[in-house]
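Structure, as structure tokens:
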Amino acid sequence: MTFVLENISLSVGQETVIDDVSLTLGRGSMNVLLGPTLSGKTTLMRLMAGLDRPTTGRLIEDDLDVTSIPVRRRSVAMVYQQFINYPSLTVYENIASPLRVAGVDRAEIETRVKEAARLLRLDNLLQRLPAQLSGGQQQRTAIARALVKRAKLVLLDEPLANLDYKLREELREELPRIFVETGAVLVYATTEPTEALLLAGTTITLHQGRVTQVGPTARVYRRPENIEAARVFSDPPLNEFVIEKHGPLVTLEGGRNLPLVGALSRLPDGVYRLGFRADAVAVGDGKSQGLNFPGEVKVTELSGSESFVHVDVGIGVWVCLAPGVHEWQPGAQVEARVDANRVFVFDSSGGLATTPFIAQTA
Amino acid sequence: MNGKPINNRAWLFVLPVLAFVLFSSIIPVMTVVNYSIQDTMGVNNFFWNGDAWFRDLLNPSTAIGARFNDALFRTLAFSLVCLVIEAPLGIAIALCIPRTGWLVGLTLVVVALPMLIPWNVVGTIWQIFTRADIGLFGAALTGLGLHYNVTQDPISAWTTIVVIDVWHWTPLVILLSYAGLRAIPDAFYQAAQIDGASRWAIFFNIELPKLQKVLVIAVLLRFMQTFMIYTEPFVVTGGGPGSATTFLSIDLVKIALGQVDLGNAGAMSLVYYLITLTVCWIFFTIMTQLERRGDV
Amino acid sequence: MAQITLDGIAHAYGGKPRSEQDYALKPLHHVWEQGMAYALLGPSGCGKTTLLNIISGLVIPSEGRLLFDDKDVTHLPTKERNIAQVFQFPVIYDTMTVAENLAFPLKNRKLPRAAIERRVTEIAAMLDLTSVLNRRARGLTADAKQKISLGRGLVRSDVSAVLFDEPLTVIDPALKWELRSKLKAVHRALDLLMIYVTHDQIEALTFADRVVVMNDGKAVQIGTPDDLFERPEHTFVGYFIGSPGMNLMPAKVLGSRALVDGAELQLGAVYPEPPKGQRVQIGVRPEYTELSSMAGVPVQVRRVADLGRKRLAYVTLGGQPIVATIPPEMSSIGDQAKVVFDPARTHVYVDDIRVTGAAP
């Protein structure tokens, strides 16, 4: 099934909550809605499901206009952040519930429920009540219930957000595999860039109810078309600074001049905002491309295999990623060397002016 | 324009209710409106009177106006007194009920008992209870040397009605407050412990603010009920002595059924109704303001 | 206070434990030192919050003693322990301004006005709350409210330990970074003992000097982030730390070689023969497992994940699923590839416990 959103907008009172969203979601596709909290992800998913009516725009399923069809008659399944199960029904009954409502016969229900339970590793928990399950098991029950419906559109609203880190990793790997076989259109909402990257497929970045970019996940990551898409797709947060270019002169706020390197050399005159991720700036040694900023270390955060150094360079505090474990003491004077080949340059309207970033082939 | 997806079958379920509401509420109200603009004693004699009843009613210098004014004032005073006693008392008792354990269920049931008794039975119980000769309450008070006579002393009558209402309805405030208190997460109490807060500080800074919404509902409900009070004063004091406990509803019934002055009664009940509606609207606005401000 | 000692602390909810299963927290001995930042890391139900609540006094342990320096505080009420706690969701007093919130603990302890004001200003400056000091606490964002919760803990100068119970749960991912580095900065500035409970290993590893990895009521390993990453003593630690976790493969160990599903791996040390009937596994982290097109153990490539700054390959060695890092130079990856393990970072686990070998 191909699912199309055509100029969907939603206004509540004076406020525009969803602003002119048009998307085409193909059969069996994984679509990630990436955006911060309150950017409209849940609202958009509710519009897609038919739980809310859009103020303008149409929803089209395989050339059929389904905008005014109530959600009960649509082929939709939804999984929420809070593990929502019927508390008085066993796991088996929970998973079977949509089939019972649809009037499927007993034998068929048993086959489908057992299959969903097997895929989500709930086989020996079928007689338990949700209250007797762990968080991860409850969420898997909710997912099984969505799976067994064989819905054409499956919406997952930050389904792993309330789970432990490790459970998230495991389920995140399993989810796409489980649903892809049904040929359904999957829409997965998340706030975490890493999740989007791991789920791959197509990423749709949202900012305040507007779609800021759509495309294959890796491409959106490497070539954000505007600063909002770049910001939402960066963890640690995007490091930024503003420059003004006047002929051969590139000046920073504060007056310092920068050399005309890399992408900067090809820009027309004007004011630009440069953004770069933590892995595009090295502390201490590293290739000197000329974009060096002296600064003071505020804090170093070590994870097992990487170090995140927070450096105050005067015009801001940047997060720099150093491979391996290096502890810089707070107060240490260091140099942050920005790789000019991995900088995104945005013009004053927020659009991508240029980037010398060469996309890696995978 | 584009509302929720419409399902017409749902209206079929609503029709019986609509019919019922029509017959039990709307049509009677329209009848009252009809009375209020006519001069009538019922049956088939109707003489058009326009808004004369209303003008008389709201003018304190006319007989009916003065009477209405007095009754209104009495009722408002009664509501205020009851609220001032019941709200703090209800919260105080709710604070004493334990949060966990088997005692909780038992306590809540015992606390709720007064609310379960039919209202005229409440009136009758207290009527006997307050008798100076055989009633426990009456006998005890006179035994203590206090001058207590429900039928003849206005102060005794007032006190009695207030006590009845407090006994009867404080449990509502208790239950609502208890529910509100139980909704406060443990972490707040733990943090207060760590901060070294005294019991009073915990009450003022954590419990009371978090009870705001519950209290607004409780106050609204209690105001409406006390404003409409009828059965208890009717059974216990009959509105007396004199007109000491003649509240609006009692007066209304006297005029409508006693004097069969349906025009005046109609006007009076409409005004009465509008006052209650206005108060409800005020509370509703307060509650939505509280919701909009929101909290974590 | 220079240290907190856990002397055989154990806890069973309900009081009468009949078997080891009934313990939410199994007997634990540990000394926490002042000025250090500790993290209690583990999955839900591992006992970390129970342990935290025992230290803060919200739970009285069913067994063992808790000592602050040499003083037995096991039954001492929370008010009298010099600790502060920050909860999962911000706990603030709605009716007060930020300044009044911060001043509250000091007012309750009857400090003079001037001293209170001075301390509030100091802590507000440290937490970047100066600009909102006179605003109602209720209307602020979640991360500002958490800072206020923290500030209330720090404002008392007699506080010697600050306990955190998953404090970043309700914070927006973008702001988590800022708040985390702020916590670390505060730790440096105030030389306090800080104990941080979390199930997120990034939070634990970036915040703490020492991490206590817990599972099922037990402390599985206590060490620096480096120790836990490079030398996990238990397979659970290997699995739980690192994203993705350690690759674990059943193997046969013969001296300095290991046989995994027929393929031979080189080990960094010489290992004695493990006793019969015990489970032997090889553990190597994906960071030290590299995909290669030339030499190495043949594997089937199931999936490639592009994480921006690194790429991972999900492969199978024989029947065993493992994860390998893809070197940046490698451009095209087919269905078949080879994998190289770093012998120095390859560990041997017998019955889930790490075994050290002799130098070759």
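The values are calculated or read from the model by the stated rules, or taken from the named source; none is laboratory data. Everything quoted here is computed from the prediction, not taken from an experiment. Cβ: placed from backbone, ideal geometry, glycine included. Neighbour counts: every protein chain shown. Keep in mind that these areas ignore ligands, DNA and RNA; they rest on the heavy atoms of the full protein, side chains included. Shrake-Rupley method; radii C 1.70, N 1.55, O 1.52, S 1.80 Å.
Assorted remarks:
- In this structure the range C:254-360 gives 49 Å² per residue of accessible area when probed at 1.4 Å with all protein chains present.
- A 1.4 Å probe run over the range C:99-238, with the rest of the protein chains in place, finds 37 Å² accessible per residue.
- Hz values of 3J(HN,Hα) by residue in the range B:230-244 - Karplus curve (6.51, -1.76, 1.60), Gly and Pro given as x: 9, 4, 4, x, 4, 6, 7, 10, x, x, x, x, x, 10, 4
- With DNA, RNA and ligands ignored, accessible area of B:SER24 (1.4 Å probe; Å², nearest 10): 60
- Taking every DSSP beta bridge that has both ends in the range C:135-226, the antiparallel portion is near 50%.
- GluC sites (Glu not before Pro) within the range A:211-306, DSSP loop, no more than 15 other Cβ atoms inside 10 Å: A:GLU253
- Partners for A:LYS149 among aspartates and glutamates (Cα-Cα distance below 16 Å; same-chain residues under 8 apart left out): A:GLU93, A:ASP105, A:GLU108, A:GLU110, A:GLU115, A:GLU181
- Chain A, accessible area per residue, ligands and nucleic acids excluded (1.4 Å, Å²): 42
- Of all lysines in the structure, those lying under 27 Å Cα to Cα from C:LYS16, and not within fewer than 8 positions of it along the same chain, are C:LYS26, C:LYS48, C:LYS71, C:LYS218.
- Accessible-area composition of the range B:164-249, carbon plus sulfur, in percent [1.4 Å probe]: 69
- Selection of trypsin sites (Lys or Arg not before Pro), the range A:225-328, meeting DSSP coil and at most 16 other Cβ within 10 Å: A:ARG256, A:LYS287
- The residues of the range B:199-217 occluded by other protein chains by 30 Å² or more of accessible area, set against the chain on its own, are B:ASN205, B:PRO209; surface from heavy atoms, 1.4 Å probe.
- Burial of 30 Å² or greater, the range A:166-184 residues [accessible area, probe 1.4 Å, versus chain by itself]: A:LYS166, A:GLU169, A:GLU173
- The interface between chain A and chain B buries about 600 Å² of solvent-accessible area in total (1.4 Å probe, ligands and nucleic acids excluded).
- When the Cα atoms of the range A:185-234 are aligned to their principal axes, the ranges along those axes come out at 25, 22, 17 Å in descending order.
- Across the accessible surface of chain A, with the other protein chains kept in place and a 1.4 Å probe, carbon and sulfur atoms take up 49 percent.
- Built amide H within the under 5 Å cut-off of A:GLY201, gap 5+: A:THR217
- Which listed pairs, of A:LYS298/C:LYS176; C:LYS110/C:LYS184; C:LYS276/C:LYS338, have C-alpha distances above 23 Å, in listed order: C:LYS110/C:LYS184; C:LYS276/C:LYS338
- Sorting A:VAL101, A:VAL187, B:VAL81 on solvent-accessible area from highest to lowest, probe radius 1.4 Å, gives A:VAL101, B:VAL81, A:VAL187.
- Partner lysines whose Cα lies under 16 Å from the Cα of C:LYS107, excluding those fewer than 8 positions away in the same chain, are identified as C:LYS79.
- Contact surface C-B: accessible area buried, both sides summed, square angstrom, 1.4 angstrom probe: 1900
- For the range B:80-93, the Karplus equation 6.51 cos²θ - 1.76 cosθ + 1.60, evaluated at θ = phi - 60°, returns couplings of 4, 4, 4, 4, 4, 7, 6, 4, x, 4, x, 5, 4, 5 Hz by residue, with Gly and Pro reported as x.
- Portion, in percent, of the accessible area of the range B:1-151 that falls on carbon or sulfur, probe 1.4 Å: 73
- Calculation over all alpha carbon pairs of the protein assembly as shown in 10 angstrom steps from 0 returns a P(r) of 2, 8, 14, 18, 19, 15, 10, 7, 4, 2, 1, 0 percent.
- Anisotropy class of the range B:1-154 from Cα gyration tensor, a/c 1.5 cut: oblate
- Rounded to the nearest 5, the antiparallel percentage of DSSP beta bridges internal to the protein assembly as shown is 75%.
- Accessible surface for B:MET30 stands near 110 Å², nearest 10, in the context of the full protein assembly shown (1.4 Å probe).
- The residues of the range C:165-181 occluded by other protein chains by 10 Å² or more of accessible area, set against the chain on its own, are C:ASP172, C:PRO173, C:ALA174, C:TRP177, C:ARG180, C:SER181; surface from heavy atoms, 1.4 Å probe.
- Compared with the dominant Cα axis of chain C, that is its longest principal axis, helix C:173-190 is turned about 70°.
- Computed about its Cα centre, the charge dipole of the range C:61-159 is approximately 440 debye, with only Lys, Arg, Asp and Glu carrying charge at their Cβ.
- Considering only C:MET1, C:LEU127, C:ALA324, and ranking their Cα positions along the charge dipole of the protein assembly as shown that arises from unit charges at the beta-carbon of Lys, Arg, Asp and Glu, the one farthest toward the positive end is C:ALA324.
- Under 5 Å from the amide H of A:GLN213 lie the amide H atoms of A:THR205, each residue being 5 or more positions distant or on a separate chain, with H modelled from the backbone and absent for Pro and chain starts.
- For C:GLY255, the residues whose amide H sits under 5 Å from its own are C:TYR271, ignoring neighbours fewer than 5 places away on the same chain, with H placed 1.01 Å from N.
- Karplus-based coupling profile of the range C:66-76, in residue order and whole Hz: 10, 10, 9, 6, 9, 8, 7, 10, 3, 10, 6, with θ = phi - 60° in 6.51 cos²θ - 1.76 cosθ + 1.60 and x standing for Gly or Pro.
- Across the range A:15-143, Cα pairs under 8 Å and at least six residues apart give a relative contact order of 22 percent.
- Pairwise burial A:C, computed as accessible area of each alone minus the pair, summed, 1.4 Å, Å²: 3300
- Each Lys and Arg adds +1 at its Cβ and each Asp and Glu adds -1 at its Cβ; summed about the Cα centre, chain B shows a dipole of about 720 debye.
- Global geometry of the range A:1-106, whether rounded, prolate or oblate, following the gyration tensor of its Cα atoms and the 1.5 cut on a/c: prolate
- Trypsin sites (Lys or Arg not before Pro) restricted to the range C:64-167 and DSSP loop, no more than 15 other C-beta within 10 Å: C:ARG109, C:LYS110, C:ARG135
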